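Peer 1: Sharing a structure with you now.
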Amino acid sequence: MTAIPLKSAPPPWTDRQRFLAACRCEVVDRPPVWLMRQAGRALPEYRQLKEKYTFVQLVQNPELAVEVTLQPVRRFGFDAAILFSDILVIPEALGQKYHFKETGGVQMDFTVRSPADIAALSVERVVERLNYVDRALRLLRRELGDRTALIGFSGSPWTLATFMMEGASVPKYSRALQLFREDPKTYYALAEKLTDAVTVYLQMQIAAGVDAVQLFDSHGGHLDPGEFPEASGRWMKEIIARIRTPAPASSGDLLCAGGAALVPGIPPVIVFSLGTHGNWSDLVGTGASVLGIDWQTSLAEARRQIPERVGLQGNLAPALICESTPEGVAREAHSILESMRGRAGHIFNLGHGLTPGAKLENIAALVDTVKNHR
């Protein structure tokens, strides 16, 4: 009698495979997990580095940026690493430098106010000026190999404009909104430059080996629903369309530091737009592969309204990581996981970034809960 060969078990997922499959809304063994702002201020090993270096020095030194990026992956085993950097590297590359004040918050060297200020911003050298990001990402890709996914990112044009027009961190971001409402032509001039800059920046990141990119539209909620498509949505849509189109090898602006032409693949794009509750059609219309859902929004409701071809990322409240216990965090994480059961394309995350007061035991409980979910 001929023996029937036994079926071999499927090979285990790598963290990178799991993350990318979830971005494509494919069925995986469990949701992948990573956290916004996982690299940085919540970790004691990061605080040790901050005793020696400023934030900007950590961002601009490729080896140090790599170390900070890898710290949370080593400690917690996240499925994805996100580059340690800042959205304000784009304004700086355009000519508007920034630094962090001793009292906290960001201060820009000048404020963008007038058409002349906008005209003075230069897109031409963005990739050259951000070559330290290119170097850090290439080092990270080698370090992470095929084991762990690597995420790049940028601020959205709207969110960058709000910072650039205030010139600092402020309680209320109003100048960009006022410009958009009163002088849309001038706002569009700024948004167009920012769209060009973000596009070439993300193309550089893709060429350097990132697996996905995230657009942080952190100030999207400052806009009324009727304003969002023109002030923010259309520019993110254009960026996503352009990074999915291979750059022409002859395009001089799209050369990385080493002179090689940037010819991106088609990476998943995550859009995180804070506070735009219910603007699902506008957000889906950007062409995003995955939508980040903030903690103020029902993930179950988002699941009902967003097409199943679009992944969902989120959305535990960040405050729980600071204020709750490991048992409380595990319960809430389990509840979110159950609310998404049967929906392919869920990436577990917070509904905003980790804060400095995050408890390490709570982060560990969150990751363990997700990793043990079946």
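Yes or no, residue by residue, for (1) touching a Ser or Thr at 6+ places or on another chain (Cβ under 8 Å); (2) modelled with pLDDT of 95 or more; (3) within 12 Å of Gln71 (Cα to Cα):
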residue	(1), (2), (3)
Pro12	no, no, no
Ala22	no, yes, no
Val28	no, yes, no
Trp34	no, yes, no
Leu49	no, yes, yes
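Peer 1: Has segment 30-44 got at least one residue that is under 20 Å from Val198 (Cβ atoms), touching a residue at least 12 places away in the same chain (Cβ under 8 Å) and of a type in the set (A, V, I, L, M)?
Peer 2: So far as segment 30-44 goes, yes, one or more of its residues are under 20 Å from Val198 (Cβ atoms), touching a residue at least 12 places away in the same chain (Cβ under 8 Å) and of a type in the set (A, V, I, L, M).
Peer 1: Related question: With respect to the numbered conditions (1) crowded, with 24+ Cβ neighbours inside 10 Å; (2) closer than 14 Å to Ala161 by Cα, which one is the sole condition not fulfilled by Lys193?
Peer 2: Only one criterion in (1) crowded, with 24+ Cβ neighbours inside 10 Å; (2) closer than 14 Å to Ala161 by Cα is unmet by Lys193, namely (1).
Peer 1: Within segment 24-72, can you find the residues that are buried (at least 18 other Cβ atoms within 10 Å of the Cβ), polar (S, T, N, Q) and in a loop (DSSP other than H, G, I, E, B)?
Peer 2: Within segment 24-72, just Gln38 meets the criteria.
The rows are residues; the columns are (1) more than 21 Å from the chain's Cα centre (by Cα); (2) of a type in the set (Gly, Ala, Ser).
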residue: Thr276; (1), (2): no, no
residue: Gly287; (1), (2): no, yes
residue: Gln305; (1), (2): yes, no
residue: Gly311; (1), (2): no, yes
residue: Gly328; (1), (2): yes, yes
residue: Arg343; (1), (2): yes, no
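Peer 1: Here is a list of conditions, (1) farther than 25 Å from Ile363 by Cα; (2) touching a Leu at 6+ places or on another chain (Cβ under 8 Å); (3) surrounded by 18 or more Cβ atoms within 10 Å (Cβ to Cβ), and Glu92 meets all of them except one; can you say which number that is?
Peer 2: Every condition holds for Glu92 apart from (2).
Peer 1: Out of Asn315, Asn349, report the one residue that is out of contact with any helix residue (DSSP H, G or I) (no Cβ under 7 Å at 6 or more places or on another chain), under 18 Å from Trp34 (Cα atoms) and surrounded by 15 or more Cβ atoms within 10 Å (Cβ to Cβ).
Peer 2: Sole residue among the options that is out of contact with any helix residue (DSSP H, G or I) (no Cβ under 7 Å at 6 or more places or on another chain), under 18 Å from Trp34 (Cα atoms) and surrounded by 15 or more Cβ atoms within 10 Å (Cβ to Cβ): Asn349.
Peer 1: Can you tell me which residues in segment 362-374 are over 17 Å from Arg47 (Cβ atoms) and either in contact with a Lys or Arg (Cβ under 6 Å, 6 or more places away or on another chain) or in a helix (DSSP H, G or I) (or both)?
Peer 2: Hits for segment 362-374 are Asn362, Ala364, Ala365, Leu366, Val367, Asp368, Thr369, Val370, Lys371, His373.
Peer 1: Give Leu202, Leu190 a once-over and let me know the one that is under 21 Å from Val269 (Cβ atoms), out of contact with any Cys (no Cβ under 6 Å at 6 or more places or on another chain) and at pLDDT 95 or above.
Peer 2: Leu202
Peer 1: Considering only residues that are in a strand (DSSP E or B) and touching a residue at least 60 places away in the same chain (Cβ under 8 Å), which ones fall in segment 279-320?
Peer 2: If the condition is that a residue be in a strand (DSSP E or B) and touching a residue at least 60 places away in the same chain (Cβ under 8 Å), then Val290, Gly292, Gly311 are the ones that fit.
Peer 1: While we're here: Arg341 fails exactly one of the following numbered conditions: (1) outside any helix (DSSP H, G or I); (2) in contact with a strand residue (DSSP E or B) (Cβ under 8 Å, 6 or more places away or on another chain); (3) surrounded by fewer than 19 Cβ atoms within 10 Å (Cβ to Cβ). What is the number of that condition?
Peer 2: Status for Arg341: all satisfied but (2).
Peer 1: Then there is this: Limited to segment 187-201, what total is found for residues that are of a type outside the set (Val, Ile, Thr) and without any contact (Cβ under 8 Å) to a residue 60 or more places away in the chain?
Peer 2: So the count comes out to 4.
Peer 1: Is segment 104-123 home to any residue that is in a helix (DSSP H, G or I), among the aliphatic types (A, V, I, L, M), in contact with a Leu (Cβ under 9 Å, 6 or more places away or on another chain) and touching a residue at least 60 places away in the same chain (Cβ under 8 Å)?
Peer 2: Checking segment 104-123: at least one residue is in a helix (DSSP H, G or I), among the aliphatic types (A, V, I, L, M), in contact with a Leu (Cβ under 9 Å, 6 or more places away or on another chain) and touching a residue at least 60 places away in the same chain (Cβ under 8 Å).
Peer 1: Follow-up. Within segment 124-153, work out how many residues are farther than 13 Å from Gly95 by Cα, in a helix (DSSP H, G or I) and not basic (Lys, Arg).
Peer 2: Of the residues in that region, 10 qualify.
Peer 1: Please pick out the residue among Gln57, Gln38, Gln17, Gln71 that is more than 26 Å from Pro267 (Cβ to Cβ) and not hydrophobic (A, V, I, L, M, F, W, C).
Peer 2: Every option except Gln57 fails the conditions.
Peer 1: So, one more: Please work out which residue is surrounded by the fewest Cβ atoms within 10 Å (Cβ to Cβ), limiting yourself to segment 164-182 and to residues that are farther than 19 Å from Gly104 by Cβ and polar (S, T, N, Q).
Peer 2: Gln178
Peer 1: Hey, can you tell me all the residues within segment 127-175 that are modelled with pLDDT of 95 or more and of a type in the set (Gly, Ala, Ser)?
Peer 2: Across segment 127-175, the qualifying residues are Ala136, Gly145, Ala149, Gly152, Ser154, Gly155, Ser156, Ala161.
Peer 1: With Pro248, Pro267, Pro225 as the choices, which residue is modelled with pLDDT under 95 and either surrounded by 22 or more Cβ atoms within 10 Å (Cβ to Cβ) or within 24 Å of Tyr187 (Cα to Cα) (or both)?
Peer 2: Pro225
Peer 1: Further question on the same structure: Restricting attention to segment 178-185, does a residue exist that is modelled with pLDDT of 95 or more, part of a loop (DSSP other than H, G, I, E, B) and of a type in the set (D, E, K, R)?
Peer 2: So far as segment 178-185 goes, yes, one or more of its residues are modelled with pLDDT of 95 or more, part of a loop (DSSP other than H, G, I, E, B) and of a type in the set (D, E, K, R).
Peer 1: Do we find a residue being part of a helix (DSSP H, G or I) and modelled with pLDDT under 95 anywhere in segment 211-221?
Peer 2: Checking segment 211-221: at least one residue is part of a helix (DSSP H, G or I) and modelled with pLDDT under 95.
Peer 1: Return the pairs, sorted by first residue and then second, in which the second residue is in a strand (DSSP E or B), the first residue lies in segment 133-161 and is among the basic types (Lys, Arg), the beta carbons are less than 8 Å apart, and the residues are 6+ apart or on different chains.
Peer 2: Arg141/Leu150
The values are calculated or read from the model by the stated rules, or taken from the named source; none is laboratory data. None of these values were measured; they are calculated from a predicted model. Here the Cβ is made from the backbone with ideal geometry for all residues, glycine too, and neighbour counts use every protein chain on show.
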